[in-house]
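These notes concern the structure reproduced below.
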Amino acid sequence: MASTVRVIVIGAGFGGLSAARALERPGVQVVVIDANNFHTFQPLLYQVATAGLDADDICFPVRAHLRKRRGTRFVLGAVTAIDLVDHTVTVDGDRVEHFDHLVVAAGSVSATFGVEGVDEHTFPLKTAVDALALRAHLLGRFEAAAASVDGDIDLGIAVVGGGPTGVEMAGGLRELIDKVLRKDYPELDLRHVPITLVEAADRVLGPFHPSLSEQARSALEKRRITVQLGVGVARVEPDAVVLADGRRVPAGTIVWATGVSGSPVGALLGVPLARGNRVPVAVDLSLPGHPNVFVIGDLALPPGTPLPQVAQPAIQGGAHVARQIHAQLDGRPTEPFVYRDKGSMATIGRNQAVAELPNGWKFHGFIGWLMWLGLHLVELMGFRNRANVLVNWAWNYVTYDRGSRMLLSHPPEASPHD
Ligand SMILES: Cc1cc2nc3c(=O)[nH]c(=O)nc-3n(C[C@H](O)[C@H](O)[C@H](O)COP(=O)(O)OP(=O)(O)OC[C@H]3O[C@@H](n4cnc5c(N)ncnc54)[C@H](O)[C@@H]3O)c2cc1C
């Protein structure tokens, strides 16, 4: 009887699940390990933070996803060690799992870039827990302002980082305040709550065509968001962002959306890491010197121009390494990974998005927004989640309201990282 080959996939994100789906075949046992029992659709995290969606609309149970795959098993736990000599992965410090092939798809973490005060005083937006913490803080600020007798609660918001996450977050916050909170808090004058978007580069949405960056900037400014370009952040204080030129942007809520660096799981491989803690890999996405180990997604840095840390390279990388592992099992040579760019999109809010296709076609405004809605619905995992999101979006659009505004603890934590 032919022996079974065991492939461990670390991470049930975009890359890991794509690899797991494509890996399964007779004689291959796949073990997916993740620190969470759910997959997070990160592109819609900002909607959870701004009360447009519930967290479980965009999170999907991994076991439900893998349920029909007889050759795949799920292990819930954090990977704490990887031994490339003994071919083992340790989970939660003591559970040892053996592999013949390993796919590392542990993604990335929010990057502070060493800026003082970021850890203590800002809210990252990388996980469902981050989004819920930010939502609780925001709603808590408005409750505190409503209860305050001397009106000393600063409701101003600073969003640092003018990439898609920062732009979407700033637009979503303005909509939340204008369309929902102004009605919820008649005792507060919320017509002039300042929202500032700070970006070190000279335009927002750097990877997009400059004309779309300009569309996005103008759409943000129409929504009364101050766009501060060409200046970095020197440090963050409890109640303000201090810019490199010395100016202060006072804010009671500071969202840190400047980018990501590779997951700490990369360091467990024991190889020198590249810029942004990414793991340098060979053209076929294998770890140099370890042909049975592959790294994909946000964590991987293949040779050449760095791939963007977005979902498509992870999804395509997952399918690619599954094919390479099958090739190795069949005695065939591996092939280089070729990334197919499918375009980029970002929304600024209701009826307003920018989209750029690989052939150079550009869309903005209502058409861009419809494309954005359609793509995100199609990409979401699970019929129930898609249906929930569609119903929520339709409800929000028609009623100008948002349903997900529960405050589970009051008063909320004083600091983002308590
Ligand atoms: C706010 C936000 C908005 C975004 N918007 C977009 C967008 O609009 N379009 C787009 O294409 N991309 C977007 N991205 C980027 C996209 O989500 C990532 O590029 C993509 O998720 C990377 O896939 P991955 O498989 O490498 O990692 P992930 O999808 O992050 O998955 C990594 C998995 O590894 C698990 N893990 C981590 N450490 C351990 C450990 N020690 N042990 C076990 N498991 C572990 C995590 O729990 C996670 O499930 C966005 C990201 C964020 C944060």
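The values are calculated or read from the model by the stated rules, or taken from the named source; none is laboratory data. Since the structure is predicted, the reported quantities are computational estimates derived from the model, not experimental observations. When we count neighbours, we look across all protein chains shown, and the Cβ atoms used for this are built from the backbone with ideal geometry, even at glycine. For accessibility, only protein heavy atoms count, side chains too; no ligands or nucleic acids. Shrake-Rupley method; radii C 1.70, N 1.55, O 1.52, S 1.80 Å.
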Inside the range 138-153, can you point out the residues that are among the β-branched types (Val, Ile, Thr) and open to solvent by 70 Å² or more (accessible area, probe 1.4 Å)? VAL149
Just checking, does the range 276-284 include any residue being within 21 Å of the chain's Cα centre (by Cα), open to solvent by 60 Å² or more (accessible area, probe 1.4 Å) and on the phi < 0 side of the Ramachandran plot? no
Out of ASP57, ASP83, which single residue is of a type outside the set (S, T, N, Q) and either within 20 Å of ARG278 (Cβ to Cβ) or at pLDDT below 95 (or both)? ASP57
Scan (1) closer than 23 Å to VAL5 by Cα; (2) aromatic (Phe, Trp, Tyr); (3) open to solvent by 30 Å² or more (accessible area, probe 1.4 Å) for the single condition TYR339 breaks and write down its number. (1)
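Yes/no matrix, rows are residues, columns are (1) within 13 Å of the ligand (Cβ to nearest atom); (2) open to solvent by 70 Å² or more (accessible area, probe 1.4 Å); (3) hydroxyl-bearing (Ser, Thr, Tyr):
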position: ASP330; (1), (2), (3): no, yes, no
position: PRO333; (1), (2), (3): no, yes, no
position: ALA353; (1), (2), (3): yes, no, no
position: HIS364; (1), (2), (3): no, yes, no
position: LEU375; (1), (2), (3): yes, yes, no
position: MET381; (1), (2), (3): yes, no, no
position: TRP393; (1), (2), (3): no, no, no
position: HIS410; (1), (2), (3): no, yes, no
Members of the range 110-137 that are assigned to a helix (DSSP H, G or I) and within 16 Å of the ligand (Cβ to nearest atom): VAL118, ALA128, VAL129, ASP130, ALA131, LEU132, ALA133, LEU134, ARG135
List, please: which pairs have Cβ atoms under 9 Å, are six or more places apart or on different chains, and start with a residue in the range 175-194 that is farther than 20 Å from SER404 by Cβ and assigned by TED's automatic domain parsing to the domain that holds THR253 and end with one that is among the polar types (S, T, N, Q) and not in a loop (DSSP other than H, G, I, E, B)? PRO194/THR226
Check whether at least one residue in the range 44-62 is more than 10 Å from the ligand (Cβ to nearest atom) and over 30 Å from TYR397 (Cβ atoms), and report yes or no. no
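Within the range 303-317, count every residue that is of a type in the set (Val, Ile, Thr) and more than 7 Å from the ligand (Cβ to nearest atom).
Total meeting the criteria: 2.
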Test LEU273 against the criterion of being at pLDDT 95 or above, within 16 Å of the ligand (Cβ to nearest atom), open to solvent by 20 Å² or more (accessible area, probe 1.4 Å) and assigned to a loop (DSSP other than H, G, I, E, B), and give yes or no. yes
